[in-house]
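K.L.:
Just dropping this structure here.
The values are calculated or read from the model by the stated rules, or taken from the named source; none is laboratory data. Keep in mind it's a predicted model, so treat the numbers as computed, not measured. Heads up, the Cβs are rebuilt from the backbone with ideal geometry, glycines too, and the neighbour counts pull from every protein chain shown. Just the protein is used for accessible areas: all its heavy atoms, side chains included, with ligands, DNA and RNA removed. Shrake-Rupley method; radii C 1.70, N 1.55, O 1.52, S 1.80 Å.
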Amino acid sequence: MTGLSLSLARGAVTSPFKRAGRPGAALPADRQVIPPGRIAPGPLAAYSRVCGFAESGPLPLTYPHVMGFPAAMRLMTARGFPLPVLGLVHTWIEITAHRALHPTDELELTVYADGLTPHRRGTEVTMVTEARLSGVLVWESRSGYLSRHATGTTTPTSAPPASPPELPAAAEWRLPADLGRRYGAASGDRNPIHLHPVTARLFGFPRHIAHGMWTVARCLAEAGTGPGRIRSVRADFKAPVPLPSTVTYAAEGAAFQVRGGSRVHLTGSLTREG
């Protein structure tokens with residue numbers, strides 16, 4: 001069993017004993033540090049293939065997040081973490097690369113939790129991953145994870161988002177039923193909601209769903225054919241992408257989105273160097 005699988009198993013055990021929204025809940029100050037090391041070429045090549053990146057050239061913008069995710073899971077499934085990891089919903093992510101990264105870079109990763117925020121549907125935690133080369137910060141990501149629970153108030157702490165404008169279609173993707181298993185094998189994220197309809201139904205989903213981080217990565221791979229290095233991205237996850245399905249990638253200027261029919265699954269924007 002991999003370290004990430006052990007974390008998922010630990011989360012299944014500890015989650016029933018945690019109560020989201022508990023007054024006075026605080027985040028532990030623990031940090032997970034992954035020392036510098038060579039990036040394994042096999043997993044990176046498999047990840048690039050399933051997400052649509054070129055198998056040579058710069059490191060995909062999303063890959064340090066994948067490298068740090070097992071450490072994030074260790075933090076979120078620890079006894080002192082106040083939110084139950086089962087049922088956490090990835091709501092948004094921001095990534096900034098301060099320079100181009102390469103597969104030969106030996107990155108030191110630091111992962112930590114940075115704040116609990118009231119949300120109209122519960123409590124949101126922000127998880128941070130930082131990558132350094134020789135002590136210099138070269139890449140960072142911030143992710144929001146929502147624990148849904150009754151808020152005990154009729155006044156929303158965050159307003160419902162407005163419907164995003166429909167962007168021009170740029171590509172159509174046909175997502176196979178085994179996409180979650182393929183991405184899980186490449187990334188190590190074998191959350192049951194992504195693997196099979198039966199395991200997804202155990203967690204309240206009628207069908208298994210695509211990984212949100214696969215969707216972001218696939219968008220960046222599509223956008224990467226444009227001029228200039230992509231320096232940063234912000235993506236908001238609006239609705240799960242069921243598997244199998246056909247979705248539309250749409251883009252205009254810096255903005256992009258993924259739609260399934262009239263339903264918007266993801267919206268985002270990016271910046272380029274120069």
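K.L.:
Can you tell me which residue within region 172-182, out of those that are among the charged types (D, E, K, R) and either in a loop (DSSP other than H, G, I, E, B) or out of contact with any helix residue (DSSP H, G or I) (no Cβ under 9 Å at 6 or more places or on another chain) (or both), is least open to solvent (accessible area, probe 1.4 Å)?
P.N.:
First, the residues of region 172-182 that are among the charged types (D, E, K, R): 172, 174, 178, 181-182.
If we keep only those that are either in a loop (DSSP other than H, G, I, E, B) or out of contact with any helix residue (DSSP H, G or I) (no Cβ under 9 Å at 6 or more places or on another chain) (or both) as well, we get 172, 174, 178.
On the way: Glu172: 120, Arg174: 193, Asp178: 59 Å².
It comes out as Asp178.
K.L.:
Can we say Glu222 is modelled with pLDDT of 95 or more, open to solvent by 50 Å² or more (accessible area, probe 1.4 Å), assigned to a helix (DSSP H, G or I) and out of contact with any Cys (no Cβ under 7 Å at 6 or more places or on another chain)?
P.N.:
Numbers: modelled with pLDDT of 95 or more: yes; open to solvent by 50 Å² or more (accessible area, probe 1.4 Å): yes; assigned to a helix (DSSP H, G or I): yes; out of contact with any Cys (no Cβ under 7 Å at 6 or more places or on another chain): yes.
Yes, satisfied.
K.L.:
Checking Ala185 against (1) part of a helix (DSSP H, G or I); (2) touching an Asp or Glu at 6+ places or on another chain (Cβ under 6 Å); (3) of a type in the set (Gly, Ala, Ser): exactly one of these is not met. Which one?
P.N.:
(2)
K.L.:
Within region 260-274, work out how many residues are crowded, with 21+ Cβ neighbours inside 10 Å and of a type outside the set (A, V, I, L, M).
P.N.:
Residues in region 260-274 being crowded, with 21+ Cβ neighbours inside 10 Å and of a type outside the set (A, V, I, L, M): 3 in total.
K.L.:
Filter region 47-74 for residues that are over 15 Å from the mean Cα position of the chain (by Cα) and within 23 Å of Ala235 (Cα to Cα) and give the result.
P.N.:
Listed by number, the residues that qualify are Ser48, Arg49, Val50, Gly52, Phe53, Ala54, Pro58, Leu59.
K.L.:
Given the criterion among the charged types (D, E, K, R) and free of Cβ contacts under 8 Å to residues at least 40 places away in the same chain, identify the matching residue among Arg218, Arg263, Arg259, Arg229.
P.N.:
Details: Arg218 fails: free of Cβ contacts under 8 Å to residues at least 40 places away in the same chain; Arg259 fails: free of Cβ contacts under 8 Å to residues at least 40 places away in the same chain; Arg229 fails: free of Cβ contacts under 8 Å to residues at least 40 places away in the same chain.
Going through Arg218, Arg263, Arg259, Arg229 in turn, just one is among the charged types (D, E, K, R) and free of Cβ contacts under 8 Å to residues at least 40 places away in the same chain: Arg263.
K.L.:
Among the listed residues Leu202, Leu195, identify the single one that is in contact with a helix residue (DSSP H, G or I) (Cβ under 9 Å, 6 or more places away or on another chain), modelled with pLDDT of 90 or more, on the phi < 0 side of the Ramachandran plot and hydrophobic (A, V, I, L, M, F, W, C). Working first, answer last.
P.N.:
On the way: Leu202 fails: modelled with pLDDT of 90 or more.
None of the others qualify; the one that does is Leu195.
K.L.:
Quick check on region 123-137. Is at least one of its residues in a strand (DSSP E or B) and modelled with pLDDT under 90?
P.N.:
Yes, the conditions are met somewhere in region 123-137.
K.L.:
Filter region 138-171 down to the residues that are modelled with pLDDT of 90 or more and either more than 27 Å from Val247 (Cβ to Cβ) or of a type in the set (Phe, Trp, Tyr) (or both) and list them by number.
P.N.:
Within region 138-171, Val138, Trp139, Glu140, Tyr145 qualify.
K.L.:
Now for a separate question. Would a scan of region 236-246 turn up a residue that is closer than 19 Å to Val66 by Cβ and at pLDDT 95 or above?
P.N.:
Taking every residue of region 236-246 in turn, at least one turns out to be closer than 19 Å to Val66 by Cβ and at pLDDT 95 or above.
K.L.:
List the helices (runs of 4 or more DSSP H) that sit entirely inside region 1-115 and contain at least 3 residues that are open to solvent by less than 70 Å² (accessible area, probe 1.4 Å) and modelled with pLDDT of 95 or more.
P.N.:
41-51, 63-76
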